[in-house]
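Participant: Could you have a look at this structure, given as structure tokens, before my questions?
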Amino acid sequence: MFTELNSILNISPDSFTRGEFILVSDRQSDASFLIHHFLSFYLRARCKVCFLGLVQSFSHYSAVSQRLGVSLTQAKEKGQLIFLEGLKESLSILIPQEGNPECQAMDFLRNPAVGLRSLYEFVRSSVTSFGGGEEAAEDWGPPVLLVDDLSVLLSLGVSAGAVLDFSHYCRATVCSQLQGNMVMLVRCNGEEEGDGDEGSERLLKGLTHQCSLTLHVQGLPTGYCRDIHGQVEVSWRRRQGDGQHAQKKIFQFKVHDKGASFFARGTSSAVL
């Protein structure tokens with residue numbers, strides 16, 4: 001968990017805004033470290049977490065979370081964490097085997113044109129149900145949906161419109177109906193807006209209109225620096241009577257083995 005980032009966002013495991021859709025994006029950089037942060041943050045906050053791991057395995061997230069002081073295995077056993085391992089579950093669709101049940105949530109792989117209704121139903125049932133056994137009566141906090149790379153669905157043949165519909169329905173259920181939170185990661189490949197893949201740019205713009213907070217990670221405009229790994233633009237988006245207004249702040253960061261440091265531009269000891 002990144003203490004400095006929590007301070008920037010004015011949140012803590014004991015106090016955070018409910019009903020928020022947080023969009024994490026990157027361009028020519030890697031924002032996945034923020035997904036690790038929010039995963040550990042919401043588990044510490046005792047939220048019921050549904051994680052759609054579309055590009056990384058459970059063991060990958062478990063290893064990183066262990067360094068951040070959180071056990072994903074224990075969270076799964078208690079029913080606090082429901083983890084959909086997309087890479088593993090895809091095999092049941094792409095390489096059917098007798099005795100190996102198909103994962104209905106991933107049935108769009110068979111026919112992307114059908115959309116993501118089954119994936120949404122998986123999310124809906126996950127955030128509205130609670131684990132069985134002795135932990136069934138556990139007093140969990142609000143539900144949280146995390147998606148480690150929503151844009152990978154585009155490369156699997158799903159249209160940007162279908163992905164936006166999926167995020168809209170998830171937001172209506174998780175954020176509006178259940179007053180929980182959503183965190184989604186989307187990647188853009190182009191150097192500048194308009195130069196990248198049209199689908200990913202459309203997806204990013206559409207999600208930006210839906211969310212209440214964006215964290216956009218990119219490389220330093222001055223190029224590589226050993227002691228500063230990039231910068232993140234934090235934008236709070238608030239809807240008012242005459243439209244939507246955004247408050248933006250830019251911070252530089254350095255990722256460590258057990259976390260990350262954030263600081264105002266030009267204040268790192270590496271540039272002083």
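The values are calculated or read from the model by the stated rules, or taken from the named source; none is laboratory data. Note that the structure is predicted; figures quoted are calculated from it, not measured. In this analysis, Cβ positions are derived from the backbone assuming ideal geometry, glycine residues included, and neighbour counts consider all displayed protein chains.
Participant: Report, by residue number, each residue of the stretch 1-35 that is assigned to a helix (DSSP H, G or I) and of a type in the set (A, V, I, L, M).
Facilitator: Leu5, Ile8, Leu9, Leu34, Ile35
Participant: Which of the following residues is assigned to a helix (DSSP H, G or I) and touching a strand residue (DSSP E or B) at 6+ places or on another chain (Cβ under 6 Å): Phe108, Phe38?
Facilitator: Only one candidate passes the filter, namely Phe38.
Participant: Looking only at residues in the stretch 148-196 that are out of contact with any Ser or Thr (no Cβ under 8 Å at 6 or more places or on another chain), part of a loop (DSSP other than H, G, I, E, B) and of a type in the set (A, V, I, L, M, F, W, C), which one is modelled with the highest pLDDT?
Facilitator: Ranking the qualifying residues of the stretch 148-196, first place goes to Val158.
Participant: Still on this structure, I have one more. Quick one: which of Ser71, Ser62 is surrounded by fewer than 16 Cβ atoms within 10 Å (Cβ to Cβ) and within 21 Å of Cys47 (Cα to Cα)?
Facilitator: Ser71 is the lone residue from the list that is surrounded by fewer than 16 Cβ atoms within 10 Å (Cβ to Cβ) and within 21 Å of Cys47 (Cα to Cα).
Participant: While we're here: In the set Phe51, Phe33, Phe58, Phe41, which member is touching a Lys or Arg at 6+ places or on another chain (Cβ under 9 Å) and either under 17 Å from Leu145 (Cβ atoms) or among the aromatic types (Phe, Trp, Tyr) (or both)?
Facilitator: Criteria check complete, one pass: Phe58.
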